[in-house]
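The structure under discussion appears below in the form of structure tokens.
Each reported figure results from applying straightforward, stated rules to the coordinates on display, with no laboratory input. Fair warning: this is a prediction, and the values are worked out from it, not measured in the lab. Counting neighbours? That spans all protein chains shown, and the Cβs are built from the backbone with ideal geometry, glycine included.
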Amino acid sequence: MYEVTEICKNGEPLPLETEGHLRVVFLGTGSAFAKKHRQSNILVIQGDHHVLVDCGTQGPQALEDVGLNVACVKCYLPTHSHADHIGGLEEVGLTHRYFYKNSKPEMIVLSDYGKELWTKSLAGGMEYCESKQGRPLELADFFNLRRPSPVETGCGRVWNYQQGPIEISIMRTRHFPDTAVSIEESQWCSGVFINQRVWISGDTMFDENYPIEYAKVAELMFHDCQLFQGGVHASYNELMSLPESVRAKMLLYHYGDNWDQPESWAKDTDGFTGDPVEDGFLGWTKQQIAYDFF
Ligand SMILES: [Zn+2]
């Protein structure tokens with residue numbers, strides 16, 4: 001059972017703890033280029049543990065929106081290297097190392113992807129920071145690296161990590177380049193399944209097997225959604241092809257700023273209205289509210 005709860009009433013900061021239940025908060029729900037709803041970065045909180053799934057270029061500001069900052073957040077899980085998902089990690093690392101000494105945050109990351117994240121994205125701004133550092137700095141100088149373990153599953157490549165009571169399954173997704181026809185041809189990208197209850201697709205092209213399989217156990221599902229066809233995300237049009245029972249437990253996120261103007265993106269279709277509730281989904285994912293699971 002889940003409830004939707006208002007947060008930050010009267011400007012109060014979002015607590016990074018709960019009374020024991022699982023809480024999921026989308027700090028943003030927008031696409032990479034969205035300006036209205038930040039980017040799709042997600043706080044998962046249970047008891048006194050938390051994980052921030054992705055911290056994009058707007059991530060530090062999105063934390064400020066709910067009364068937090070990068071120093072408060074102690075555990076990060078980057079799903080892939082697009083800037084709307086990892087563009088805030090330089091600020092996270094530098095802030096912790098130089099403003100809050102001895103407060104190195106955790107990062108949940110596979111070894112191979114961690115190397116790629118560092119060498120191709122983060123090292124440029126973080127590798128040389130100190131006159132007497134002696135050697136180039138590394139990802140492990142900024143983050144305590146936590147390694148998920150591979151698990152056998154009938155649903156693709158999956159790794160598990162336990163953060164206190166939060167069980168995180170990480171599954172590979174097929175996101176980019178747009179020509180990738182298999183996960184093996186795709187750059188590293190992942191979605192997450194939390195406590196066997198909440199499935200979040202991560203950035204992905206449309207692979208119907210994932211939502212159909214996870215719908216058998218998930219209570220609530222969040223799927224990224226692009227308002228046009230082609231490109232590197234599942235489109236609204238493609239998601240409409242999912243069985244009604246799957247759409248009925250699915251909220252859509254990672255949407256463009258014109259999400260509420262279906263006349264601009266759904267006008268030539270006769271298969272859907274552009275209003276996700278009318279089209280059989282649960283609706284658009286809402287920014288800065290809590291999905292609480294009891
Ligand atoms: Zn992406």
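Net charge near Gly11, counting Lys/Arg +1 and Asp/Glu -1 over other residues with Cβ under 13 Å of its Cβ? Provide the component values of the computation, followed by the final result.
Numbers: positive: Lys9; negative: Glu6, Glu12, Glu64, Asp65.
With Lys, Arg at +1 and Asp, Glu at -1, the neighbours total -3.
Identify all lysines with a Cα-Cα distance to Lys35 below 20 Å; exclude those on the same chain that are fewer than 8 residues away in sequence.
Lys286
So how much slack lies between Lys9 and Asp48, counting 0.36 nm per residue of separation and subtracting their Cα-Cα distance, in nm?
Between Lys9 and Asp48, full extension yields an extra 12.0 nm.
Using the C-alpha atoms of the chain, what convex hull volume per residue, in cubic angstrom, is computed?
Numbers: hull volume 39.0 nm³, N = 294.
Looking at the chain, the number lands at 133 Å³ per residue.
Taking R0 as 25 Å, what FRET efficiency do you get between Glu278 and Glu208 from their Cβ-Cβ distance, rounded to the nearest 0.05?
With a Förster radius of 25 Å, E is 0.70.
Rank these for me by crowding, Met107, Met221, going from fewest to most other beta carbons within 10 Å.
By the 10 Å Cβ count, ascending, the order reads Met107, Met221.
Report the gain in length on full extension from Lys35 to Ala248: 0.36 nm times residue separation, minus Cα-Cα distance, nm rounded to one decimal.
73.9 nm is the gain from fully extending Lys35 to Ala248.
Only counting other Cβ atoms within 10 Å, I'd like Ile289, Ile194 sorted with the fewest neighbours first.
Ile289, Ile194
Could you tally the net charge around Leu282, taking each other residue with its Cβ under 13 Å from the Cβ of Leu282, Lys/Arg +1 and Asp/Glu -1?
In short, -2.
Quick check on region 21-164: take the gyration tensor over C-alpha atoms, sort the square-rooted eigenvalues as a ≥ b ≥ c, and tell me if it's rounded (a/c under 1.5), prolate or oblate.
On the way: a/c = 1.45, a/b = 1.16, b/c = 1.25.
Since a/c stays below 1.5, the shape of region 21-164 is classed as rounded.
Based on other C-beta atoms within 10 Å, arrange Arg146, Arg97, Arg135 from fewest to most.
Arg135, Arg146, Arg97
Helix 89-98 against the longest principal axis of the chain: what's the angle in degrees, Cα atoms only, rounded to the nearest 10?
30
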